[in-house]
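Input: a single structure, listed below in structure tokens.
No value in this document is a laboratory result; all are computed from the given coordinates. In this text the structure is predicted, and so the values were computed from the model without any measurement. Cβ placement follows ideal geometry from the backbone for every residue including glycine, while neighbour counts extend to all protein chains displayed.
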Amino acid sequence: MGQSLVKNYIHIVFSTKYRAPLIHPPYDAELYSYLGGTCNILGSPVLITGGYVNHVHILCMLSKKMALMKLVEELKSHSSKWMKTKDESLHNFYWQDGYGAFSVNPAEVDVVIRYIANQEKHHRKKSFQDEYRFYLKKYGVAYDECYVWD
């Protein structure tokens with residue numbers, strides 16, 4: 001085969017360190033835009049970014065030239081540094097060490113987009129921890145509760 005043709009939709013989720021509620025107006029929309037722009041620059045076209053006060057969701061098409069681990073590392077390191085420049089109250093802005101990444105069936109992309117777009121409404125009823133546990137169970141990811149949170 002002469003060409004490399006790839007279309008992998010990936011839903012990435014990670015939280016602030018200790019789930020600190022540091023993502024808020026006016027910087028939340030700017031952060032989501034910054035994360036989306038970084039994905040695009042790194043060859044992983046973004047479909048949507050969003051989140052809530054203590055975590056983010058990113059739906060993108062994974063680059064065929066960059067490993068997922070490297071993409072997330074770049075997203076977290078650049079955005080953390082950038083957030084610290086936005087306001088003195090964010091000088092201790094850090095992301096958690098880990099992340100979740102889940103493949104998305106192309107037929108389900110619109111469902112995930114709506115889900116990410118409605119994070120504020122969704123989190124009136126469910127905490128980030130419960131949301132994350134749901135995804136781990138949905139995708140059959142084995143985990144130890146002792147090591148999921150930092």
Out of V111, V13, V53, a Gaussian network model of the chain with alpha-carbon springs under 10 Å gives the largest mean-square fluctuation to V111
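Please report D28, D97 as a ranked list, fewest other C-beta atoms within 10 angstrom at the top and most at the bottom. Intermediate results must be reported in sequence, preceding the final value.
Values: D28 18, D97 11.
Ranking D28, D97 by Cβ neighbours within 10 Å, fewest first, gives D97, D28.
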For the chain, set up a Gaussian network in which alpha carbons nearer than 10 Å are linked by springs, and say which option among K17, K86, K76 fluctuates the most. K86
Provide the FRET efficiency to the nearest 0.05 for the K138-V6 pair, computing r from the beta carbons and using R0 = 22 Å. 0.40
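Can you give the extra length, in nm with one decimal, that the chain gains between Y94 and D150 once fully stretched, where that is 0.36 nm per residue apart less the Cα-Cα distance?
19.1 nm
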What net charge do the residues around V56 carry, taking every other residue with its C-beta under 11 Å from that of V56, with Lys and Arg at +1 and Asp and Glu at -1? 0
Packing-based exposure ordering (other Cβ within 10 Å, fewest first) of S80, S4, S63, S89: S4, S89, S80, S63
Taking E73, E88 and counting other beta carbon atoms within 10 angstrom, the fewest-first order is E88, E73
Additional length obtainable on full extension of the chain from S127 to M69, 0.36 nm per residue less Cα span: 18.3 nm
Build a GNM of the chain with springs between Cα atoms under 10 Å: which of R133, R124, R114 gets the top mean-square fluctuation? R124
Sequence-distant lysines (8 or more away, or on other chains) whose Cα lies within less than 27 Å of K7: K64, K65, K70, K76, K137, K138
